[in-house]
C-alpha cells in the first residue's frame, strides 16, 4: 500500500492515466472510480487492462493539476517534521 499516492499523482501530473487499487489514500488521488479496482477482484483489474488495451485511457477527468502543488506539499511535510523536534 502506497502512503499517499505519489506515483499515480506524478503520472497524472505528466498527463498519463493511472489505474490504482481502490484502497487507502489512492481514492483521494484518483477520484474517478472507473480508474480504480477492488484488490480482491482480479476480474476488475483484468477488465481495466482490457479496456485500456482496446482504447487508450484518457487522463482521469477529475484530476486537476492546480489541486496538487508540490511547494505546498513540501511545506506541509516540513511543518510536520519541525513539530516533531
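Using a simple spin-label model with pseudo-atoms 7 Å out from Cα toward Cβ, residue 22 and residue 64 lie 2.4 nm apart. When shorter helices are ignored and each DSSP H run of at least 4 residues is given -39500 (n - 2.57), the per-residue value for the chain at 222 nm works out to -13500 deg cm²/dmol. Normalised by residue number, the volume inside the convex hull of the Cα atoms of the chain is 92 Å³ per residue.
Any idea what the relative contact order of the chain is, in percent, if you count C-alpha pairs under 8 Å spaced at least 6 apart? Normalised by residue count, the contact order of the chain is 26 percent. Taking 28, 54, 70 in turn, the Gaussian network model of the chain (Cα-Cα springs below 10 Å) assigns the largest fluctuation to 70. Ordering 36, 51 from the fewest to the most neighbouring beta carbons within 10 Å gives 51, 36. Cβ crowding within 10 Å ranks 37, 49 as 49, 37, fewest other Cβ atoms first.
Read the figures in this text as sums done on the coordinates, not as results from a lab. Just so you know, these numbers come straight off a predicted model, no measurement behind them. Positions of Cβ are backbone-derived with ideal geometry, glycine not excepted, and every protein chain shown enters the neighbour counts.
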